[in-house]
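To keep things clear, I will list the structure first and then write my remarks on it.
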Amino acid sequence: PASVEFRNVSMRYGAVTAVDNVSFSIEAGKLVTLLGPSGCGKTTTLRMIAGLEIASEGQIMIGGKDVTRLSAADRDVSMVFQSYALFPHMSVIENAAYGPTVKGLGKEVARDMAMSKLELVGLKGFENRFPSELSGGQQQRVAVARALVLEPQVLLFDEPLSNLDAKLRRRVREEIRELQQDLNLTVAYVTHDQEEALAVSDRIIVMSNARIAQEGAPRDLYEQPANAFVADFIGDANLIDVTVKSVADGRAEVAIGPVSVPMPARGLGIGPAKVAVRPESLLIGHEADAMALPGTIKKCAYLGNHLDIMVSTAVGELFVIQYGARDMLEPGMPVWLSFAKSGVTLIPP
Ligand code: ADP
Ligand code: MG
């Protein structure tokens with residue numbers, strides 16, 4: 001497998017900037033996810049790795065080699081498209097053998113190569129069917145086999161689960177991750193689903209409006225979001241307006257309404273800021289506590305393995321989750337919210 005590197009890459013379509021001065025790298029043999037809402041530039045980024053679009057500016061390296069101006073055919077990269085893009089008039093094996101056939105490798109060789117990849121994705125016995133005779137999950141496997149057939153240096157997935165039903169999605173994402181790890185593939189994976197990204201990735205690049213909002217390991221992004229966009233996009237977060245009162249030795253004293261809470265300053269200084277608080281990082285107490293934020297239960301919903309709770313406070317309505325079997329909390333009940341050590345992050349205003 002090869003590494004991928006973007007150096008200050010932009011893509012413009014007339015007045016639209018689809019990707020704006022983006023830099024990142026994907027280590028060889030790792031799965032990196034581009035995560036972000038619709039229209040933020042994920043597919044365009046993948047297409048530039050594949051050579052299906054030529055960057056307007058910047059440099060793209062694959063395996064340490066500058067491929068910025070190379071066409072798709074010269075890049076040794078395959079893509080699994082969102083729609084699978086199977087050829088409807090070709091059988092499963094003809095679809096899977098497409099790459100080596102076009103390369104002129106000879107019918108027998110191409111079929112053998114295709115057959116080994118079809119076995120790998122569990123489609124042995126289906127080789128003579130047509131795409132219309134397969135389920136969505138099976139069609140997706142054909143697309144994966146076709147992408148793997150020439151053993152590319154880099155494999156790209158564009159929202160590969162979007163046409164599958166919810167139950168199947170979880171299984172297929174595990175299969176893609178296992179395949180990537182077993183074959184030691186370099187994969188760039190695109191999704192708008194934060195849970196999917198957390199589940200499959202070595203690293204995640206969060207995109208917003210054609211730019212990178214934050215990059216990091218899944219746990220870092222959840223526990224240490226860099227800004228309000230990431231805090232809100234990955235998991236749920238309460239975004240609270242606060243004031244940093246003092247900073248010493250990298251620790252900040254933060255006024256959250258009437259209470260003062262110490263936390264890592266993360267480079268911020270005295271003045272207005274925000275705190276991103278995970279719903280499970282707000283702990284509900286039932287006795288008056290001068291160190292905790294007073295509030296009143298507004299709503300409490302029973303959701304099987306957890307309770308969804310809304311609490312009205314001086315800093316707005318806060319969303320709290322309590323896991324495990326708990327007693328329901330009645331609207332109007334006074335409570336005191338304290339802040340857990342993790343899942344409470346100071347971010348810029
Ligand atoms: P995503 O995959 O994250 O949903 P895209 O990369 O498809 O986003 O698109 C990013 C932006 O670029 C969008 O505003 C989209 O409309 C625009 N865009 C993408 N491809 C083209 C194109 N061929 N011509 C004009 N605009 C495009
Ligand atoms: Mg897209």
Got a sec? Which of A73, A85 is in the same structural domain as S25 (by TED's automatic domain parsing) and either more than 22 Å from Q140 (Cβ to Cβ) or crowded, with 16+ Cβ neighbours inside 10 Å (or both)? A73
For segment 47-58, does any single residue satisfy the condition of being within 12 Å of ligand 1 (Cβ to nearest atom), over 24 Å from L221 (Cβ atoms), over 18 Å from the mean Cα position of the chain (by Cα) and touching a residue at least 60 places away in the same chain (Cβ under 8 Å)? no
Among all residue pairs at least 6 apart or on different chains, which show Cβ distances below 8 Å where the first residue, located in segment 1-28, is within 27 Å of L185 (Cα to Cα) and within 16 Å of ligand 2 (Cβ to nearest atom) and the second is assigned to a loop (DSSP other than H, G, I, E, B) and of a type in the set (D, E, K, R)? M11/E53
Name the residues in segment 148-177 that are more than 24 Å from S25 (Cβ to Cβ), of a type outside the set (A, V, I, L, M, F, W, C) and outside any loop (DSSP other than H, G, I, E, B), would you? K167, R169, R170, R171, E174, E175
For the list (1) at pLDDT 95 or above; (2) of a type outside the set (S, T, Y); (3) touching a strand residue (DSSP E or B) at 6+ places or on another chain (Cβ under 6 Å), I need the number of the one condition that P349 fails. (1)
Listing of strands (runs of 3 or more DSSP E) fully contained in segment 298-339 that carry 2 or more residues being in contact (Cβ under 8 Å) with a residue 60 or more places away in the chain: 316-323
What residue, of M61, M90, is outside any loop (DSSP other than H, G, I, E, B), out of contact with any helix residue (DSSP H, G or I) (no Cβ under 6 Å at 6 or more places or on another chain), away from ligand 2 (no atom under 16 Å from the Cβ) and in the same structural domain as I212 (by TED's automatic domain parsing)? M61
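The values are calculated or read from the model by the stated rules, or taken from the named source; none is laboratory data. Given the structure is predicted, the values throughout are model-derived calculations rather than measurements. Here Cβ is always computed from backbone atoms with ideal geometry, including for glycine, and neighbour counts include all displayed protein chains.
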